[in-house]
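What follows draws every value from the coordinates through simple rules; no lab data is involved. What you see is a predicted model; the values in this text were computed from it and never measured.
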Amino acid sequence: MNGFLVGKASEIPEGEKKIILANGRSIGVYNIGGEFFAIRNICPHQGAALCSGITSAFINSSGPGNFVYEREGEIVRCPWHQWEFDIKTGCMIVDPNKRTKSYEVTVERFDVSIEDKDLYVHL
Ligand code: FES
């Protein structure tokens, strides 16, 4: 297995995260619905510890007074200026049609695997 050993998969219950230091990189490992995802613990805006921010749902709205919560636990909100990122993809939560094309923001994400109940992050 070629990866950084995070620990036992059971150490991160569903809906929880663990922040690790892997080869000098701070990484947040999240358990979302029994699947594991890992993103860099640095906000691309001004460098805050992104994974120390709250995780929440995506709020979708079709108009004033009408909204629904979707994808609970899949969004992390930066603690400094509240930029939000999709934990599964590392992409910033925005409507791409309402952004300039040149302004693309993502956080670095890593593949995660489980072998014999041990959790690995692939750097
Ligand atoms: S540092 Fe994360 S939103 Fe500003």
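Values for this structure:
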| read-out | value |
| --- | --- |
| Cα-based Lys pair tally, the stretch 4-122, threshold under 14 Å, eight or more apart or on separate chains | 4 |
| Taking the C-alpha atoms of the stretch 4-122, convex hull volume expressed per residue in Å³ | 113 Å³ |
| Relative contact order computed over the chain (Cα-Cα under 8 Å; 6+ residues apart), in percent | 27 percent |
